[in-house]
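All remarks here apply to the structure that follows.
The values are calculated or read from the model by the stated rules, or taken from the named source; none is laboratory data. Fair warning: this is a prediction, and the values are worked out from it, not measured in the lab. Methodologically, a virtual Cβ is constructed for each residue, glycine included, from the backbone with ideal geometry; neighbour enumeration extends over all protein chains shown. Surface accessibility is based on the protein's heavy atoms, side chains included, excluding ligands, DNA and RNA. Shrake-Rupley method; radii C 1.70, N 1.55, O 1.52, S 1.80 Å.
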Amino acid sequence: MGQSTNAVLAYGYDLGRDEDWKMLEIDEDGVPTPSWYDDDNDEDDFVEQAKNHLLANAGFAEADWDAEDWSERHDAATARVDVEFKTYCHGEYPMYVLATKAITVRRGYSKVLDLAALAADPIEHGWDDKLTAALTVLGITPKQEKPGWVLCSYWG
């Protein structure tokens with residue numbers, strides 16, 4: 001098993017991580033306070049609960065993975081949500097970006113980027129509106145003033 005060391009460029013909001021969330025809805029102990037979040041849930045962390053909340057809002061709340069056509073319904077709901085949580089930092093100390101687009105370059109590889117296209121993509125594809133909709137559903141306010149291209153690394 002090798003170590004991955006990836007570069008990640010994601011369009012969205014840097015949300016940070018446990019004990020260092022970069023959003024306003026946290027209590028004095030650094031615990032997120034959205035109404036849907038259950039800090040006592042030992043199975044699902046904040047990001048998993050956030051994903052489930054977004055999917056439920058998109059009409060998908062099925063827990064039975066073995067149900068017929070479950071994967072197809074799950075994928076359709078994920079496409080309707082059209083945002084994702086990209087992990088960065090380290091596998092044992094994950095941090096997150098709420099993103100509409102992410103480009104990952106793995107160790108030993110490179111990628112030539114079209115910066116003009118990257119600048120136009122958020123407007124052309126309505127990414128800001130998708131992020132705003134997700135933030136509204138989640139009831140969170142990032143400390144980052146507006147969405148942008150977040151360059152980060154992942155080692156895991």
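For every residue, the table says whether it meets (1) among the aromatic types (Phe, Trp, Tyr); (2) over 20 Å from Lys22 (Cβ atoms); (3) touching an Asp or Glu at 6+ places or on another chain (Cβ under 9 Å); (4) open to solvent by less than 50 Å² (accessible area, probe 1.4 Å).
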| position | (1), (2), (3), (4) |
| --- | --- |
| Thr33 | no, no, yes, no |
| Asp42 | no, yes, no, no |
| Asn52 | no, yes, yes, no |
| Asn57 | no, yes, no, no |
| Ala61 | no, yes, no, no |
| Asp64 | no, yes, no, no |
| Asp69 | no, yes, no, no |
| Arg73 | no, yes, yes, no |
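Name every residue in segment 22-76 that is free of Cβ contacts under 8 Å to residues at least 24 places away in the same chain and hydroxyl-bearing (Ser, Thr, Tyr), in order of residue number.
Of everything in segment 22-76, those that are free of Cβ contacts under 8 Å to residues at least 24 places away in the same chain and hydroxyl-bearing (Ser, Thr, Tyr) turn out to be Thr33, Tyr37, Ser71.
Considering segment 97-156 alone, what residues qualify as being open to solvent by 70 Å² or more (accessible area, probe 1.4 Å), touching a residue at least 24 places away in the same chain (Cβ under 8 Å) and in a helix (DSSP H, G or I)?
His125
Going residue by residue through segment 74-96, is there one that turns out to be outside any loop (DSSP other than H, G, I, E, B), within 25 Å of Gln144 (Cβ to Cβ) and touching a Cys at 6+ places or on another chain (Cβ under 7 Å)?
Yes - at least one qualifying residue is present in segment 74-96.
Looking at segment 17-38 only, could you name the residues that are among the acidic types (Asp, Glu) and assigned to a loop (DSSP other than H, G, I, E, B)?
Asp18, Glu19, Glu25, Asp27, Glu28, Asp29, Asp38, listed by residue number.
Looking at Tyr11, Tyr88, Tyr93, can you tell me which residue is open to solvent by 30 Å² or more (accessible area, probe 1.4 Å), within 18 Å of the chain's Cα centre (by Cα) and of a type in the set (Phe, Trp, Tyr)?
Among Tyr11, Tyr88, Tyr93, only Tyr93 is open to solvent by 30 Å² or more (accessible area, probe 1.4 Å), within 18 Å of the chain's Cα centre (by Cα) and of a type in the set (Phe, Trp, Tyr).
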